[in-house]
Amino acid sequence: MTISKKNLTVIIVSFKSNYVIHKCLSTINQDIKVIVVDNANDKTLKKELEAKYDNVDCILSSQNLGMGAGNNLGIKNVLTDYALILNPDVFLYQHTIDELLKASEKIKDFSIISPISNKINNPNYTLFKNQNFDNQLPFEVISVDGFAMLFNLKKLKKLEGFNFFDENIFLYLENDDICKELRKRNQKIYVVPSSKVDHGGGFSVDPIFKYEIELSRNWHWMWSKFYFNKKHYGYFFAVKKTSKNLLSSFCKYLFYLFTFNRDKRNVYWMRLCGLIASMKGKKSYYRPNF
């Protein structure tokens, strides 16, 4: 079965994204169902979105679930065979979805297909070693970034032991993890060069919360990096992979401590805390404090 607009749902996980989510929604064809999962439990946002957009349902989460678990909640509420995961700071081109639909007619064995980022120097995919590809045609990849990825739900729900996003990961590498799990099951992931998106990159959350989000990102990046490597390659490989991060973060923390740069000191303290928590096997517990 190929994709149609009637058989596709867009899922957007938001958190303090009120300032940008309307621009994102304005680029989505109103014939397509959209589910917004709001991790900030913002009742005003829900009322506003559902009043303004006939195709939008907003699900409020009583707690901040993070990206992976938030997307899983959206997937549980999808009634269509396909779901397009988008970040709130992703904006579609006029024919982004049409090009994905066309590609689905030719690639019938995909588990994930993804549009391509308009930022050429920062590709949203990982190629196979020594891979050559035609940048005019869909090409298979190892993984794609999570800010825009279309799931073949009908196919994925039949995979034994596959539960979509790993909910242990609050933020970062959840997309690499799900792609790796699919590759283990010999599932195919494609990028469609004719389908383009503009990704703001790190602008999903209102800039007024910039510093607290910066602390959270640093904590979770290090936690997730260790967890991901431990999960797929073992504990000692993860230690080896992150040992330079541990030393660098500690040295920079001390440097900024003695130079009285409080903001930088706190950033590297958070990196240390996230990494050490993951090494100790603790859950990804840190949440932004607003």
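When you check Ser216 against the structure, is it closer than 30 Å to Arg265 by Cα and touching a Leu at 6+ places or on another chain (Cβ under 8 Å), yes or no? Here the answer is yes, as Ser216 does meet what is asked.
For the range 189-204, does any single residue satisfy the condition of being at pLDDT below 95, loosely packed, with under 15 Cβ neighbours inside 10 Å and of a type outside the set (Gly, Ala, Ser)? Checking the range 189-204: not a single residue is at pLDDT below 95, loosely packed, with under 15 Cβ neighbours inside 10 Å and of a type outside the set (Gly, Ala, Ser). The set of residues in the range 142-160 being surrounded by fewer than 22 Cβ atoms within 10 Å (Cβ to Cβ) and either touching a Pro at 6+ places or on another chain (Cβ under 7 Å) or hydrophobic (A, V, I, L, M, F, W, C) (or both) consists of Ile142, Leu153, Leu156, Leu159. The condition (being under 14 Å from the mean Cα position of the chain (by Cα) and farther than 24 Å from Ile107 by Cα) is satisfied by just one residue among Ile178, Ile213, Ile208, Ile169: Ile169.
If you go through the range 31-48 and keep only what is assigned to a loop (DSSP other than H, G, I, E, B) and surrounded by 21 or more Cβ atoms within 10 Å (Cβ to Cβ), you end up with just Asn39. Checked against (1) surrounded by 19 or more Cβ atoms within 10 Å (Cβ to Cβ); (2) within 30 Å of Asn152 (Cβ to Cβ); (3) more than 19 Å from the chain's Cα centre (by Cα), Arg185 passes all but condition (1).
Selection of first residues in the range 33-50 that are closer than 14 Å to Ala69 by Cβ and of second residues that are surrounded by 22 or more Cβ atoms within 10 Å (Cβ to Cβ) and of a type in the set (S, T, N, Q), restricted to Cβ pairs under 6 Å at least 6 apart or on distinct chains, gives the following pairs, ordered by first then second residue: Asp38/Ser14. Note on the range 59-72: residues that are among the hydrophobic types (A, V, I, L, M, F, W, C) and crowded, with 21+ Cβ neighbours inside 10 Å total 2. Of the candidates Ile12, Ile21, Ile28, the single residue that is within 22 Å of Ile178 (Cα to Cα), crowded, with 19+ Cβ neighbours inside 10 Å and aliphatic (A, V, I, L, M) is Ile12.
Please count how many residues of the range 117-131 are outside any loop (DSSP other than H, G, I, E, B) and closer than 20 Å to Asp198 by Cβ. Let's see the steps before the verdict.
The first filter runs over the range 117-131 and keeps only residues outside any loop (DSSP other than H, G, I, E, B), leaving 117, 125-126.
Subset that is closer than 20 Å to Asp198 by Cβ: 117, 125.
Of the residues in the range 117-131, 2 are outside any loop (DSSP other than H, G, I, E, B) and closer than 20 Å to Asp198 by Cβ.
Under the condition of being under 19 Å from the mean Cα position of the chain (by Cα) and farther than 27 Å from Arg183 by Cα, the residues counted in the range 218-256 number 2.
Residues in the range 132-153: is at least one farther than 30 Å from Gln63 by Cα, in a loop (DSSP other than H, G, I, E, B), touching a helix residue (DSSP H, G or I) at 6+ places or on another chain (Cβ under 7 Å) and not charged (D, E, K, R)?
Filtering the range 132-153 down to residues farther than 30 Å from Gln63 by Cα leaves 132-142.
The next check asks that each one be in a loop (DSSP other than H, G, I, E, B); those that pass are 132-138, 141-142.
Of the ones still in play, those that are also touching a helix residue (DSSP H, G or I) at 6+ places or on another chain (Cβ under 7 Å) are 138, 142.
Subset that is not charged (D, E, K, R): 138, 142.
Looking for residues that are farther than 30 Å from Gln63 by Cα, in a loop (DSSP other than H, G, I, E, B), touching a helix residue (DSSP H, G or I) at 6+ places or on another chain (Cβ under 7 Å) and not charged (D, E, K, R), one finds at least one in the range 132-153, hence yes.
Annotation: Ala51 fulfils all but one of (1) surrounded by fewer than 22 Cβ atoms within 10 Å (Cβ to Cβ); (2) small (Gly, Ala, Ser); (3) outside any helix (DSSP H, G or I); the unmet one is (3).
The values are calculated or read from the model by the stated rules, or taken from the named source; none is laboratory data. Since the model is a prediction, treat every value here as computed from it, not as a measurement. Using ideal geometry, Cβ is built from the backbone for each residue, glycine included, and neighbour counts are taken over all protein chains shown.
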